[in-house]
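Enquirer: My questions will all concern the structure given below.
The values are calculated or read from the model by the stated rules, or taken from the named source; none is laboratory data. Just so it is clear, the model here is predicted, and its values are computed rather than measured. Cβ: placed from backbone, ideal geometry, glycine included. Neighbour counts: every protein chain shown. Just so you know, the surface numbers come from the protein's heavy atoms only, side chains and all, with ligands and any DNA or RNA stripped out. Shrake-Rupley method; radii C 1.70, N 1.55, O 1.52, S 1.80 Å.
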Amino acid sequence: MTRRGARRGDAVTDSVARGTAINLTARLLAVGGVLLITAFTARLGTDKQGGFALFTSVEGLLLALWSGFGVALARRVSHHGEQPRELLSAVVVVCLAIGLLASVGLWAVSVFGPPAYSTLWLLALAAPVLLLAPNLAGVWLGEGRMAPMAAVSLAPPLLTLTAVGVLALAHAGSLPRVLAAWVTAKVLVGLGVLFVLWRGGRLGAPGFAALRGEARFIATIAVTNLIGLANYRVGLFVIERLLGLSATGVYSIAVVVAELLWFVSGSLTQAVYGRIGTKDRERAAATTVRVLQLSLAGLLIAAPLLWAVARLVIPWVLGPAYAASLPMLALLLPGVLVFGGASALSAYFTNHAGRPQVPAQVAATSLVINALLALLLVPRLGMAGAALAASLSYAASVLLLAARFAAHARLSLAAVLWPGPQLLADLRALASRAGGRR
């Protein structure tokens with residue numbers, strides 16, 4: 001490697017480290033807020049925690065279904081080098097319209113659906129604005145601007161936590177009030193992002209023709225994200241149907257804690273999302289492999305630490321009823337750890353190759369495996385059956401996605417998954433820079 005190449009590599013590593021640090025810090029603070037909110041609802045009772053988990057899962061499915069707009073914006077910026085003002089404005093109009101239609105459906109489910117979903121009328125009130133923040137932030141994602149991305153992820157839990165703190169001080173805590181604070185925070189952040197982009201001159205006349213040109217890409221992303229999130233949450237819905245709302249509340253704690261691992265891999269992938277989107281396939285593939293291997297190395301360290309902390313904290317903070325979530329957490333962690341590598345692989349197909357159908361196909365396979373195993377195992381093993389189903393489906397999906405990536409990037413599967421000298425060099429560089437900052 002030439003001296004110039006070495007300097008470029010050091011600069012990339014330093015930039016990745018800086019972006020990852022911003023992302024990881026924001027996400028840790030955000031998830032800390034969510035955990036405090038979860039602790040508050042959990043102490044209201046396992047059935048109340050189950051209701052909170054189902055409410056946020058439905059919200060997540062709605063956001064996943066309509067989050068393709070943000071990915072399309074990010075790709076127009078990072079892959080095509082554009083500033084898509086007209087496309088951005090069209091996304092605003094369409095998100096507001098979709099949100100209004102979603103409000104009707106959510107209200108109908110809350111009135112005519114099962115009792116566990118009766119609080120969805122609150123989500124119906126927020127739905128018209130709910131899609132703005134995650135989609136409009138795609139512009140910053142494509143530009144690699146991690147600070148505004150961090151603000152978008154951090155603001156909702158902090159606003160909600162402030163309201164929950166007021167409720168706790170007033171001894172007025174209840175699940176509907178917590179959910180009202182939750183959706184109000186999402187509305188405020190959505191309106192805030194829209195205002196910032198408008199003041200920054202980022203909006204123009206809506207370009208619906210440009211949006212139609214992205215329709216297929218957006219639809220594929222929507223299906224991919226919806227299937228992916230359904231894969232993460234199918235166990236909760238199966239448990240609610242077969243074991244009840246109280247068991248759902250206990251199992252949801254294991255899910256929330258296990259998925260903390262993805263904040264490490266997700267932060268790293270988001271920090272290099274723009275670089276993965278480069279038109280140079282060799283560079284995009286090399287970056288993807290580096291991020292994949294760094295993610296798995298970080299998660300191998302984080303997983304045992306997470307288990308040790310959860311074993312001490314969960315029964316103490318949430319109460320003895322939630323100790324039953326710890327065996328479920330132990331079963332979930334191996335699959336969640338392996339699945340952490342999927343974010344970099346998905347980013348490669350979505351942002352570089354422009355083939356979001358590949359992760360969609362893999363996610364659909366994983367969902368089918370997960371759902372079938374859950375329906376088979378939950379009646380026999382209870383909550384443990386859902387945890388086993390999730391872990392096995394996650395591992396299978398990562399192996400399949402890695403094989404598809406290796407074929408597209410013209411690499412061997414061993415080169416993708418097996419750590420090489422580059423991983424050790426990256427770890428040393430990151431450790432050296434962290435030591436220098438200290």
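Enquirer: Just to be sure, is R355 out of contact with any strand residue (DSSP E or B) (no Cβ under 7 Å at 6 or more places or on another chain), open to solvent by 30 Å² or more (accessible area, probe 1.4 Å) and at positive phi? Steps first, answer last, please.
Expert: On the way: out of contact with any strand residue (DSSP E or B) (no Cβ under 7 Å at 6 or more places or on another chain): yes; open to solvent by 30 Å² or more (accessible area, probe 1.4 Å): yes; at positive phi: no.
So R355 does not fit the description; no.
Enquirer: Is there any pair linking a residue in region 196-209 that is in contact (Cβ under 8 Å) with a residue 40 or more places away in the chain to one that is basic (K, R), with Cβ under 7 Å and at least six apart or on different chains, and which?
Expert: R202/R85; L203/R85; G204/R85
Enquirer: Can you confirm whether region 100-119 contains a residue that is part of a helix (DSSP H, G or I) and open to solvent by less than 10 Å² (accessible area, probe 1.4 Å)?
Expert: Looking for residues that are part of a helix (DSSP H, G or I) and open to solvent by less than 10 Å² (accessible area, probe 1.4 Å), one finds none in region 100-119, hence no.
Enquirer: Hey, another quick one. Give the residues of region 252-293 that are modelled with pLDDT under 85 and hydroxyl-bearing (S, T, Y), sorted by residue number.
Expert: The answer is S265, S267, T269, Y273, T278.
Enquirer: How many residues are out of contact with any Phe, Trp or Tyr (no Cβ under 7 Å at 6 or more places or on another chain) and surrounded by 22 or more Cβ atoms within 10 Å (Cβ to Cβ) when one looks only at region 41-54? Steps first, answer last, please.
Expert: Step one: list which residues in region 41-54 are out of contact with any Phe, Trp or Tyr (no Cβ under 7 Å at 6 or more places or on another chain), which gives 43-53.
Restricting the remaining residues to those that are surrounded by 22 or more Cβ atoms within 10 Å (Cβ to Cβ) gives 46, 49-53.
Residues flagged as out of contact with any Phe, Trp or Tyr (no Cβ under 7 Å at 6 or more places or on another chain) and surrounded by 22 or more Cβ atoms within 10 Å (Cβ to Cβ) within region 41-54 amount to 6.
Enquirer: Quick one: is L203 part of a helix (DSSP H, G or I) and under 24 Å from N351 (Cβ atoms)? Explain how you work it out, then say what you get.
Expert: Working: part of a helix (DSSP H, G or I): no; under 24 Å from N351 (Cβ atoms): yes.
Against the criterion (part of a helix (DSSP H, G or I) and under 24 Å from N351 (Cβ atoms)), L203 does not qualify.
Enquirer: Just to be sure, is S67 at pLDDT below 90, of a type outside the set (D, E) and either in contact with a Ser or Thr (Cβ under 8 Å, 6 or more places away or on another chain) or under 24 Å from L260 (Cβ atoms) (or both)?
Expert: On the way: at pLDDT below 90: yes; of a type outside the set (D, E): yes; either in contact with a Ser or Thr (Cβ under 8 Å, 6 or more places away or on another chain) or under 24 Å from L260 (Cβ atoms) (or both): yes.
Yes; evaluated as a whole, the condition is true for this residue.
Enquirer: Determine whether V398 is part of a helix (DSSP H, G or I) and touching a Gly at 6+ places or on another chain (Cβ under 8 Å). Even if it seems obvious, please write down each step before you answer.
Expert: On the way: part of a helix (DSSP H, G or I): yes; touching a Gly at 6+ places or on another chain (Cβ under 8 Å): yes.
Yes, satisfied.
Enquirer: Please go through region 298-340 and give me each residue that is farther than 29 Å from A363 by Cα, of a type in the set (F, W, Y) and crowded, with 17+ Cβ neighbours inside 10 Å, ordered by number.
Expert: Passing the criteria: only Y322.
Enquirer: What are the residues in region 361-373 that are open to solvent by 10 Å² or more (accessible area, probe 1.4 Å) and over 15 Å from the mean Cα position of the chain (by Cα), if any? Don't jump to the end; show me each part of the working.
Expert: Residues of region 361-373 open to solvent by 10 Å² or more (accessible area, probe 1.4 Å): 361, 363-365, 367-369, 371-373.
Once the filter is applied, which keeps residues that are open to solvent by 10 Å² or more (accessible area, probe 1.4 Å) and over 15 Å from the mean Cα position of the chain (by Cα), region 361-373 yields Q361, A364, T365, L367, V368, I369, A371, L372, L373.
Enquirer: Provide a single number: the residues in region 265-292 that are of a type in the set (V, I, T) and over 18 Å from P419 (Cα atoms). Even if it seems obvious, please write down each step before you answer.
Expert: Of the residues in region 265-292, the ones of a type in the set (V, I, T) are 269, 272, 276, 278, 287-289, 291.
Imposing the further condition that a residue be over 18 Å from P419 (Cα atoms) reduces the set to 272, 276, 278.
Looking only at that region, the number is 3.
Enquirer: Is it fair to say E214 is acidic (D, E), in contact (Cβ under 8 Å) with a residue 24 or more places away in the chain and surrounded by fewer than 23 Cβ atoms within 10 Å (Cβ to Cβ)? Don't jump to the end; show me each part of the working.
Expert: Details: acidic (D, E): yes; in contact (Cβ under 8 Å) with a residue 24 or more places away in the chain: yes; surrounded by fewer than 23 Cβ atoms within 10 Å (Cβ to Cβ): yes.
Criteria met by E214.
Enquirer: Hey, among S295, S343, which residue is open to solvent by 20 Å² or more (accessible area, probe 1.4 Å) and closer than 19 Å to L417 by Cα? Show your work before the answer.
Expert: On the way: S295 fails: open to solvent by 20 Å² or more (accessible area, probe 1.4 Å).
Only one candidate qualifies: S343.
Enquirer: Output the qualifying pairs, or none if there are none: Cβ atoms under 8 angstrom, residues six or more apart or on different chains, first residue in region 152-166 and closer than 11 Å to V178 by Cα, second residue outside any helix (DSSP H, G or I).
Expert: What qualifies is V164/G173.
Enquirer: Please work out if A181 is of a type in the set (G, A, S) and exposed (fewer than 15 other Cβ atoms within 10 Å of the Cβ).
Expert: Considered against the rule, which asks whether it is of a type in the set (G, A, S) and exposed (fewer than 15 other Cβ atoms within 10 Å of the Cβ), A181 comes out as no.
Enquirer: What are the residues in region 76-99 that are open to solvent by less than 40 Å² (accessible area, probe 1.4 Å) and part of a helix (DSSP H, G or I), if any?
Expert: V77, S78, L87, L88, S89, A90, V91, V92, V94, C95, I98, G99
Enquirer: Got a number for residues in region 258-292 being open to solvent by 20 Å² or more (accessible area, probe 1.4 Å), touching a Lys or Arg at 6+ places or on another chain (Cβ under 6 Å) and polar (S, T, N, Q)?
Expert: Looking only at that region, the number is 1.
Enquirer: So, one more: Of the residues L63, L136, only one is in contact (Cβ under 8 Å) with a residue 12 or more places away in the chain, under 18 Å from the mean Cα position of the chain (by Cα) and open to solvent by 10 Å² or more (accessible area, probe 1.4 Å); which?
Expert: So the residue among L63, L136 that is in contact (Cβ under 8 Å) with a residue 12 or more places away in the chain, under 18 Å from the mean Cα position of the chain (by Cα) and open to solvent by 10 Å² or more (accessible area, probe 1.4 Å) is L63.
For (1) modelled with pLDDT under 80; (2) of a type in the set (D, E); (3) closer than 28 Å to S246 by Cα, each residue gets a yes or a no:
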position	(1), (2), (3)
R18	yes, no, no
L24	yes, no, no
L28	yes, no, yes
V31	yes, no, yes
L36	no, no, yes
L54	no, no, yes
L62	no, no, yes
V77	no, no, no
G81	yes, no, no
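Enquirer: Looking at region 387-402, is at least one residue surrounded by 14 or more Cβ atoms within 10 Å (Cβ to Cβ) and modelled with pLDDT under 85?
Expert: no
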